[in-house]
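K.L.:
My questions all concern the structure below.
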Amino acid sequence: MEERKRMTKILNRLGAEFKPWRRYTDDPFLLLIGTVLSQNTNDRNSGAAYNRLVTKFKAPEQLAETGTREIQKLIKPAGLHRVKSKRLKQLARAVCERYGGDLDSVLRMPLKDARRELLSLPGVGYKTADVLLVFAGGRDVLPIDTHIFRIAKRLGIAPPKAGYEEVRLRLEELIPRGRRGKAHMLLIQHGRRYCRARNPLCLECQINDLCLIGIRRVRRARP
């Protein structure tokens with residue numbers, strides 16, 4: 001099957017089962033904070049840490065002037081609170097010093113320039129930059145997280161040793177324009193429910209006939 005058609009079928013089926021979630025904020029800086037807090041933890045813990053933090057600090061100027069110990073206490077549920085508190089304070093300072101506390105000026109730049117600028121911020125990697133670009137900047141990019149990495153490789157879309165940029169560019173080539181932000185959310189939900197890192201539920205998966213691993217597992221399960 002031609003790869004673009006296969007990807008369209010995959011997204012259509014996932015869209016029939018899952019619904020894109022609503023982002024918890026449209027504010028670029030708060031989205032940046034939430035994305036940093038979500039690193040290496042689950043949604044429940046990062047959400048708890050985010051809610052505790054933004055009840056006291058919503059503006060980069062406030063966070064930049066706050067001591068790391070106070071930040072640590074607020075974000076402790078997210079884990080790695082010592083590392084993340086320093087990172088958040090550095091980010092807040094950089095946003096204030098470079099952009100006057102307003103990331104909108106970055107998100108209005110041409111896509112390549114905006115991405116390069118975001119990646120220059122302390123602790124911001126490819127995924128975090130792309131999350132801001134698509135969900136705060138409205139850009140047509142596809143952030144890649146661990147679930148999407150796993151799914152792309154199991155589907156044979158990307159080679160086993162492919163890195164972030166190779167997987168992103170390959171998926172963006174296959175996914176129709178305008179659907180990449182939604183695809184990001186659908187693929188993550190699919191990875192959490194069916195295409196798990198351990199013990200994937202291939203027999204229950206709604207796209208197992210479009211996946212080489214799924215096809216093999218279904219055949220082996222037949223009497």
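We did not get these values from a lab; they are worked out from the coordinates using the rules stated. Because the structure is a prediction, the values reported are computed rather than measured. Neighbour counts are summed over all protein chains in view; Cβ atoms, including those assigned to glycine, are modelled from backbone coordinates with ideal geometry.
K.L.:
Once label points are set 7 Å from the Cα along Cα→Cβ at both Val83 and Arg217, what is their separation, rounded to one decimal in nm?
P.N.:
3.0 nm
K.L.:
Compute the length gained on full extension between Lys161 and Arg69: take 0.36 nm times their separation in residues and subtract their Cα-Cα distance, giving the result in nm to one decimal.
P.N.:
On the way: separation 92, 0.36 × 92 = 33.12 nm, distance 3.91 nm.
Gain on extension, Lys161 to Arg69, equals 29.2 nm.
K.L.:
Related question: So for Asp130, Asp209, Asp145, fewest C-beta neighbours within 10 Å to most, what's the order?
P.N.:
Values: Asp130 26, Asp209 11, Asp145 17.
By the 10 Å Cβ count, ascending, the order reads Asp209, Asp145, Asp130.
K.L.:
Percent of alpha carbon pairs in segment 1-56 separated by more than 16 Å?
P.N.:
Working: 890 of 1540 pairs.
Looking at segment 1-56, the distances longer than 16 Å represent 58 percent of pairs.
K.L.:
Okay, moving on. How large is ³J(HN,Hα) for each residue in segment 184-189, as worked out from phi by the Karplus curve 6.51 cos²θ - 1.76 cosθ + 1.60 (θ = phi - 60°), to whole Hz, x for Gly and Pro?
P.N.:
Per-residue couplings from phi come out as 3, 6, 5, 5, 4, 5 Hz.
K.L.:
Among Val95, Val124, Val83, which comes first, second and so on when ranked by fewest other beta-carbon atoms within 10 Å? Provide the component values of the computation, followed by the final result.
P.N.:
Working: Val95 24, Val124 20, Val83 13.
By the 10 Å Cβ count, ascending: Val83, Val124, Val95.
K.L.:
Separate question: Per-residue HN-Hα couplings for segment 69-83, Karplus 6.51 cos²θ - 1.76 cosθ + 1.60 at θ = phi - 60°, whole Hz, x for Gly and Pro?
P.N.:
Ordered by residue, 3J(HN,Hα) equals 5, 5, 4, 4, 4, 6, 9, 3, x, 6, x, 6, 5, 5, 5 Hz.
K.L.:
Top mean-square fluctuation among Ala16, Ala59, Ala152, Gaussian network model of the chain, C-alpha springs under 10 Å?
P.N.:
Ala16
K.L.:
Still on this model: Which log10 I(q)/I(0) values does the chain give at q = 0.10, 0.18 Å⁻¹ under the Debye formula, counting every alpha carbon as one identical point scatterer?
P.N.:
At q = 0.10, 0.18 Å⁻¹ the computed log10 ratios are -0.50, -1.28.
K.L.:
Continuing with the same structure: Classify segment 85-150: rounded, prolate or oblate, from the alpha-carbon gyration tensor (a ≥ b ≥ c, eigenvalue square roots; a/c under 1.5 rounded; otherwise prolate if a/b is larger than b/c)?
P.N.:
Numbers: a/c = 2.41, a/b = 1.29, b/c = 1.86.
Oblate shape, in that a/c is at least 1.5 and b/c is the bigger or equal ratio.
K.L.:
If the viscosity is 0.890 mPa s and the temperature 25 °C, what Stokes-Einstein diffusion coefficient in µm²/s follows for segment 111-200 when Rh is the Kirkwood radius over Cα pairs?
P.N.:
Details: Rh = 13.5 Å.
Estimated via Stokes-Einstein, D reaches 182 µm²/s.
K.L.:
Additional query: Pop out the Kirkwood hydrodynamic radius of segment 182-223 from its pairwise C-alpha distances, inverse of mean 1/r, in Å to one decimal.
P.N.:
Values: mean 1/r = 0.0934 Å⁻¹.
Here the Kirkwood hydrodynamic radius works out to 10.7 Å.
K.L.:
Tell me, Kirkwood radius of segment 1-110 from alpha-carbon pair distances, in Å?
P.N.:
Values: mean 1/r = 0.0639 Å⁻¹.
15.7 Å is the Kirkwood radius here.
K.L.:
Hey, another quick one. Where the Cα atoms of segment 57-107 are projected onto their three principal axes, how long is each span, largest first, in whole Å?
P.N.:
Cα extents, longest axis first: 32, 19, 15 Å.
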